[in-house]
1. B:Cys206: crowded, with 21+ Cβ neighbours inside 10 Å, of a type in the set (A, V, I, L, M, F, W, C), out of contact with any Gly (no Cβ under 9 Å at 6 or more places or on another chain) and in a loop (DSSP other than H, G, I, E, B), yes or no?
2. Identify all residues within the range A:4-16 that are within 20 Å of A:Arg45 (Cβ to Cβ), hydrophobic (A, V, I, L, M, F, W, C) and away from chain B (no Cβ under 11 Å); write none if there are none.
3. For the range B:110-126, does any single residue satisfy the condition of being within 9 Å of chain A (Cβ to nearest Cβ), under 25 Å from B:Thr13 (Cα atoms) and not in a helix (DSSP H, G or I)?
4. Which residue out of A:Glu58, A:Glu39 is in contact (Cβ under 8 Å) with a residue 24 or more places away in the chain and charged (D, E, K, R)?
5. Show the residue pairs that are 6+ apart or on different chains and have beta-carbon atoms under 8 Å apart, the first residue being within the range B:178-199 and within 14 Å of another protein chain (Cβ to nearest Cβ), the second being of a type in the set (Phe, Trp, Tyr).
6. I'd like the residue in the range A:20-45 that is of a type in the set (Gly, Ala, Ser) and within 20 Å of B:Arg90 (Cα to Cα) and, out of all such residues, is nearest to the other protein chains (Cβ to nearest Cβ).
7. Select from the range B:21-57 the residues that are within 20 Å of the chain's Cα centre (by Cα), within 7 Å of chain A (Cβ to nearest Cβ) and among the aliphatic types (A, V, I, L, M) and list them in ascending order.
8. Tell me whether the range A:24-39 contains one or more residues that are buried (at least 19 other Cβ atoms within 10 Å of the Cβ) and small (Gly, Ala, Ser).
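The values are calculated or read from the model by the stated rules, or taken from the named source; none is laboratory data. What you are looking at is a predicted structure, and each value in this text was computed from that prediction instead of being measured. All Cβ positions, even for glycine, are placed from backbone atoms using ideal geometry, and neighbour counts span all protein chains on display.
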Amino acid sequence: MVILLNGEDHVLSNDSTAADLVIQLGLADKRVAMEVNLEIIPRSRYGDQPLKDGDKVEIVHAIGGGSSDCY
Amino acid sequence: MANNDTLIIAGETYNSRLLVGSGKYKDLEETRLATEVSGAEIVTVAIRRSNIGQNPDEPNLLDAIPPNKYTILPNTAGCYTAEDAVRTCRLARELLDGHNLVKLEVLGDEKTLFPDITATLEAAETLVKDNFKVMVYTSDDPLIAKRLEEMGCVAVMPLAAPIGSGLGIRNPHNIRLIIENANVPILVDAGVGTASDAAIAMELGCDGVLMNTAIAAAKDPVLMASAMKKGIEAGREAFLAGRMPKKAYASASSPIDGMFL
């Protein structure tokens, strides 16, 4: 199946969960937060969150920034 | 420093009145050093998409400024709508294990980065209802500052000059009016360029100053971090001490009595 991950198409095996996705990305032990179709998925529930074709997934983390002049 | 002069935000006590951003540094080591030297206890960070497909082992900002050492203040920098700002805060709360202190800023214009006040009010209302502790970036309008306080924001942070401009305190009169009417901490956020600007903000009676570019864009950011720490402390002590009245003419500081000429 293909999900839209951070704005780009991303191929994932069928029946994957959010936990499978973060493992595939090498982010399993990283401090990230995830949204699936605009809904926040708590880290503790990644294993219970099935993903389906066309899901819009956002994975974010903290970066350096102050006021809006961070770039 | 004056004894027991602490900054209290949302019930938490801080010894430093300097809050710093973590952007614009050349690398994480410089971020770490400048943050440490600044003495800041609250550090603001931005929330952005993770880089997918890139080296997942690259060092993370939160390794340089660990949440067990600093109070991490996620900001909504770059958000131009109330909806985006609220969404960013909710992601940040999940990212930081439920930590709910956030810096709200909703921008209205790319050229000035001035806040969109109506969208800021809307986002603040939603976030306060959702149990966030909101520190809010706003214009130097005393009525809006008061409104944000009444809505339940835990700190109000008027700009001193446009973000990243380094122009200093452009309207000390308004900042003073905001401070006089406030029952929550007032922090100048944005516009400070050098240590004397920070001192001026503190002499006006601000509870603190949040800055990023003034430190990160200095030729020697670590040294400027040290200067800012001292500027903040000097300004605060001068405010507490109470300055002498200004006079139109000279007033000799050596006694006239005992002159032998």
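1. no
2. A:Leu12, the sole residue that qualifies.
3. no
4. The unique qualifying residue is A:Glu58.
5. That search, which allows pairs on different chains as well, returns B:Asp189/B:Tyr137; B:Ala190/B:Tyr137.
6. A:Ala33
7. B:Val45, B:Ala46, B:Ile47
8. Taking every residue of the range A:24-39 in turn, at least one turns out to be buried (at least 19 other Cβ atoms within 10 Å of the Cβ) and small (Gly, Ala, Ser).
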